[in-house]
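Step one of this worksheet: look at the structure below.
The values are calculated or read from the model by the stated rules, or taken from the named source; none is laboratory data. Just so we're clear, the structure is a prediction, and the values are computed from it rather than from any experiment. Note that each Cβ is placed from the backbone with ideal geometry, even for glycine, and that neighbours are counted across all protein chains shown.
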Amino acid sequence: MCRSRYLYGAMDKAISDKIRPGAKVRVWERIKEGDKERESSFEGVVLARKHGSEAGASFTVRAVLHEVGVEKVFPLNGTTISRVQVLGSPKKVHKSKLYYLRGFSSKRTREHLRG
């Protein structure tokens, strides 16, 4: 398999460095429906980032929509992501995987990441 295939959809190094656990991000992904293509946004908190910056790297984003927790796993080097906006980043997070935030309410999550 050719390694350059993965680098085609790779995002900027500056943006990929800002995607860290605890950061609030908005991810725009391309969705193909039949012969049409549209963009959809998903905004939430990054819970984890896996496999660094290699070809199979990914990050998990969690949001609470209509009182239901939703998590999506996005490939870092995938072609389905059109752009990523980093809306905010906490000063310091002491863990690399924030899976314990799943049990918190939205308000408690914001307070916990604030300080």
TODO: For region 30-38, indicate whether the set of residues that are surrounded by 12 or more Cβ atoms within 10 Å (Cβ to Cβ), modelled with pLDDT of 90 or more, at negative phi and not hydroxyl-bearing (S, T, Y) is non-empty.
DONE: yes
- [ ] Report yes if some residue within region 98-115 is surrounded by 12 or more Cβ atoms within 10 Å (Cβ to Cβ) and in contact with a Phe, Trp or Tyr (Cβ under 7 Å, 6 or more places away or on another chain); otherwise report no.
- [x] yes
Open item on the list: Restricting to region 84-97, give me the number of residues that are touching a strand residue (DSSP E or B) at 6+ places or on another chain (Cβ under 6 Å), surrounded by 15 or more Cβ atoms within 10 Å (Cβ to Cβ) and either among the small types (G, A, S) or in a helix (DSSP H, G or I) (or both).
Closed with: 0
Task: Some residue of region 95-112 being touching a Gly at 6+ places or on another chain (Cβ under 8 Å) and over 13 Å from L47 (Cα atoms) - done: no
Open item on the list: Among the numbered criteria (1) touching a strand residue (DSSP E or B) at 6+ places or on another chain (Cβ under 9 Å); (2) part of a helix (DSSP H, G or I); (3) not polar (S, T, N, Q), which one does V46 miss?
Closed with: (2)
